[in-house]
Amino acid sequence: MSRLIAPSILSADFNRLGEDIEMLNQSEADFIHFDVMDGVFVPNISFGIPVIQHVNKIATIPLDVHLMIVNPDKFIEPFVNAGASILTVHYEACQHLHRTIQLIKSYGIKASVCLNPHTSVSVLQDIISELDMVLLMSVNPGFGGQEFIENTYKKVKQLKTLIAENNSDCLIEVDGGVNDKTGKLLFEAGADVLVAGSFVFNSDNPSDTISKLKLA
């Protein structure tokens, strides 16, 4: 099992974004996570391609881009060109999920699918072997700082079983309400990657917090 950390820049200080990215470059972070929101699929608007392009110029670790948007197929190529190393689309937003995953992979990057809290992992039965990662939302998507949904531990275990049954090597990522306590239990349940926003960037020493979270 991996113990990877993907700090979410949704919680970074955008007045000093360059400094925060340099801090992540020097930290033990494995990915930089971007929550791209369109105000339609989720009730919030965050940032888009220009921010990712800017970060890509100075980041030395992979960019993990989570598209919380409708019609994601229209924007896959622009986000790949902006610098995404991993591109996540929502199961709930994709009419032809297999086609979308194949499109992402055609650009030579990793493809991931996200499930909202109400969506069962069983919906991935027929596509799990095609995926590089599955992102489980442990809060309702749209805003940072929400309370962790306890049922997520069960979903991680269910997903781990599904992956093993299909001889897949895809990673399990979890986003929402991650801290040292939930992080420990998520890793124990079988998660590979934890997305942490406010827990990292609101701490006194974000770099140290990332290191400690890997050991949770």
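The values are calculated or read from the model by the stated rules, or taken from the named source; none is laboratory data. Just so it is clear, the model here is predicted, and its values are computed rather than measured. Please note: Cβ atoms are built from the backbone with ideal geometry, for glycine as well, and neighbour counts cover all protein chains shown.
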Answer from Val42, Val55 - the residue that is touching a strand residue (DSSP E or B) at 6+ places or on another chain (Cβ under 8 Å), farther than 18 Å from Asp132 by Cα and assigned to a loop (DSSP other than H, G, I, E, B): Val42
Quickly run through segment 146-156 and pick out the residues that are buried (at least 16 other Cβ atoms within 10 Å of the Cβ), of a type outside the set (Val, Ile, Thr) and at pLDDT 95 or above. Tyr153, Lys155
Of the residues Glu188, Glu173, which single one is of a type in the set (D, E, K, R), crowded, with 17+ Cβ neighbours inside 10 Å and either more than 22 Å from Glu130 (Cα to Cα) or out of contact with any helix residue (DSSP H, G or I) (no Cβ under 9 Å at 6 or more places or on another chain) (or both)? Glu173
Would you point out the residue of segment 108-129, among those that are part of a loop (DSSP other than H, G, I, E, B) and within 19 Å of the chain's Cα centre (by Cα), that is surrounded by the most Cβ atoms within 10 Å (Cβ to Cβ)? Ile109
If you go through segment 167-177 one residue at a time, do you hit one that is at pLDDT below 95, assigned to a helix (DSSP H, G or I) and under 16 Å from the mean Cα position of the chain (by Cα)? no
